[in-house]
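Everything below concerns the one structure shown next.
The values are calculated or read from the model by the stated rules, or taken from the named source; none is laboratory data. Everything numeric here is computed off the predicted structure, so don't read it as measured data. When we count neighbours, we look across all protein chains shown, and the Cβ atoms used for this are built from the backbone with ideal geometry, even at glycine.
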Amino acid sequence: MQISLNVNGVRHDLDVPPASLLVEVLRDHLHLTGTHIGCDTSQCGACNVLMDGKAAKSCTVLAGQADGSEVITIEGLARDGALHPMQAAFKDAHGLQCGFCTPGMVIAGLEIARRHGPDVDEATIRHDLEGNLCRCTGYANIVKAIKAGAEAMA
Amino acid sequence: MIDAAYHRPASLAEAAALAARGGDVAYLAGGHTLIPAMKSRLRAPDALVDLSAIAGLDGIALEGDRLRIGAMARHAAVADGEDVKRAIPALAKLVSLIGDPQVRNRGTLGGSVANNDPAADYPAAVLALDAVIETDRGSHAADDFFQGMFATALADGEIITRIGFRVPDAAAYAKFAHPASRYALVGVFVARFADGVRVAVTGAGPGTFRWTAAEAAIAGGGVVPALAPDDLNSDIHASAEYRAHLAGVMLARALGDLK
């Protein structure tokens, strides 16, 4: 099946199996392996990407559903070698340990900033991280990072 | 990898024609139940018919005493919808409790209602708000629509296009969410209209149902009798007795929150 995706600002015309998942297209066809497959059951959020500006779990989106859309993955956030403010906040706040969940957490952070703006409070951040699992950090520094990242994006 | 043919028609007629070709054909709305179900091999349709490219299925409009929401309206759009928040704030709240932000960006009203998961949130609102389920072939009253676990009045190939919720004088939804899945262990939606109160329960039984004894007690100013556990679900998450108890607690919370 032919699909056309704009990924991180670059248009790709791809021939993929009919019911491929978006995450499979990103990882296996475009070799963008920053988007992780954690649970593969829509629970953990490691596969989060931005689809037309909104966070989506790419393990639960078919390639056909994404046809024609604009996708941003973790690889598409830095500009000219400089980290995106949300990525920099994760680095500064030490919002990660093993790093497996981090790409999805950063995307979730962008979704939180988009929806709630720079003054988002801790309770809202924790509530909106419902769909992202981290097994290392205990979340405290992830929450701090998202708060700082949202402020820095203003 | 999922193995199925994939179609993305541009019209309802084209979608219905694809479904009528035969074989096991599934309509795909947001996909946030169907795709996980296919991965776990609970569902293995031969073909998917994606409804997302059909224009006009995601509008939200307040028309008289009905709030009409398109079947393909994403949860996030309903939860944040100005008309929804103004006309039926309890509905906006219910939708904001579905899944997580990423799920709400993709999941749809029509998908949830057509699937009729016994622990889904939306069916309780559809039933309590005396909604009309409009389809490509006609319409169904909510009271006749839900027919037990994953069963509805939809005929083979019938497509939900829009749901018209009756705007109540006051309403509230209280949910005891399963801490991992965020599905309702028990959820109770109460809606008060000029001509009576409707109470719908989700999560507790094999499908959403009206708690008529509670409706009568509330209308008459009496004490709400305990919900009998006889027909409720017992599983690894909770016993029927626990669910029956939770229904009473959720009803009391909803009544306290009625606005």
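Of everything in segment A:124-142, what is outside any loop (DSSP other than H, G, I, E, B), more than 14 Å from chain B (Cβ to nearest Cβ) and either without any contact (Cβ under 8 Å) to a residue 24 or more places away in the chain or touching a His at 6+ places or on another chain (Cβ under 6 Å) (or both)? Give them in sequence order.
We begin by selecting, within segment A:124-142, every residue outside any loop (DSSP other than H, G, I, E, B); these are A:124-128, A:140-142.
Applying the additional criterion that residues be more than 14 Å from chain B (Cβ to nearest Cβ) yields A:140-142.
Listed by number, the residues that qualify are A:ALA140, A:ASN141.
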Worksheet item: Residue check: is B:ALA92 in contact with a helix residue (DSSP H, G or I) (Cβ under 7 Å, 6 or more places away or on another chain), away from chain A (no Cβ under 14 Å), surrounded by fewer than 24 Cβ atoms within 10 Å (Cβ to Cβ) and assigned to a helix (DSSP H, G or I)?
Response: yes
Worksheet item: Is one or more of the residues making up segment B:248-255 crowded, with 20+ Cβ neighbours inside 10 Å, more than 26 Å from B:ALA114 (Cα to Cα), touching a helix residue (DSSP H, G or I) at 6+ places or on another chain (Cβ under 9 Å) and free of Cβ contacts under 8 Å to residues at least 40 places away in the same chain?
Response: no
Worksheet item: For segment A:133-153, which residues satisfy the criterion of being among the small types (Gly, Ala, Ser) and closer than 11 Å to A:MET86 by Cα?
Response: A:ALA145, A:ALA148, A:GLY149, A:ALA150, A:ALA152
Worksheet entry | Contacts under 8 angstrom Cβ, first residue in segment A:30-45 being touching a residue at least 24 places away in the same chain (Cβ under 8 Å), partner surrounded by fewer than 21 Cβ atoms within 10 Å (Cβ to Cβ) and basic (Lys, Arg), 6 or more apart | A:THR35/A:ARG27
Worksheet entry | Only one of B:ALA47, B:ALA71 that is crowded, with 21+ Cβ neighbours inside 10 Å, more than 20 Å from B:PHE189 (Cα to Cα) and among the aliphatic types (A, V, I, L, M) | B:ALA71
Discussion item. Being part of a helix (DSSP H, G or I), surrounded by 16 or more Cβ atoms within 10 Å (Cβ to Cβ) and touching a strand residue (DSSP E or B) at 6+ places or on another chain (Cβ under 7 Å) is the filter here; which residues of segment B:215-246 pass it?
Written reply: B:GLU215, B:ILE218, B:ARG243, B:LEU246
Fill in: Given (1) surrounded by fewer than 16 Cβ atoms within 10 Å (Cβ to Cβ); (2) closer than 26 Å to B:ALA155 by Cβ; (3) touching a residue at least 40 places away in the same chain (Cβ under 8 Å), index of the condition B:ALA17 fails
(3)
Worksheet, complete the sentence: If you go through B:LEU51, B:LEU57, B:LEU97, the only one that is touching a strand residue (DSSP E or B) at 6+ places or on another chain (Cβ under 8 Å) and farther than 29 Å from B:ALA17 by Cβ is B:LEU97
Worksheet item: Among the residues of segment B:1-50, which ones are touching a Gly at 6+ places or on another chain (Cβ under 6 Å), of a type outside the set (Asp, Glu) and under 11 Å from A:ALA19 (Cα atoms)?
Response: B:TYR6
Response to the item:
Scanning segment A:98-116 residue by residue, those away from every other protein chain (no Cβ under 14 Å) and either surrounded by 17 or more Cβ atoms within 10 Å (Cβ to Cβ) or over 16 Å from A:GLY45 (Cβ atoms) (or both) turn out to be A:PHE100, A:THR102
Worksheet entry | Of all residues making up segment B:20-32, the number that are at pLDDT below 95 and in contact with a Ser or Thr (Cβ under 8 Å, 6 or more places away or on another chain) | 0
Practice prompt. Go through (1) without any contact (Cβ under 8 Å) to a residue 60 or more places away in the chain; (2) of a type in the set (Phe, Trp, Tyr); (3) surrounded by fewer than 22 Cβ atoms within 10 Å (Cβ to Cβ) one by one and return the number of the condition B:TRP211 breaks.
Written response: (3)
Discussion item. If I go through segment B:125-184 residue by residue, how many of them are within 13 Å of the chain's Cα centre (by Cα), outside any strand (DSSP E or B) and hydrophobic (A, V, I, L, M, F, W, C)?
Written reply: 11
Discussion item. Being closer than 22 Å to A:LEU110 by Cα and under 16 Å from the mean Cα position of the chain (by Cα) is the filter here; which residues of segment A:2-24 pass it?
Written reply: A:ASN6, A:VAL7, A:ASN8, A:GLY9, A:LEU22, A:VAL23
Practice prompt. Collect the residues in segment A:74-94 that are within 15 Å of the chain's Cα centre (by Cα), crowded, with 18+ Cβ neighbours inside 10 Å and part of a loop (DSSP other than H, G, I, E, B), keeping them in residue-number order.
Written response: A:LEU77, A:HIS84
Response to the item:
Across segment A:30-65, the tally of residues that are under 25 Å from B:PRO9 (Cβ atoms) and more than 15 Å from the chain's Cα centre (by Cα) stands at 4
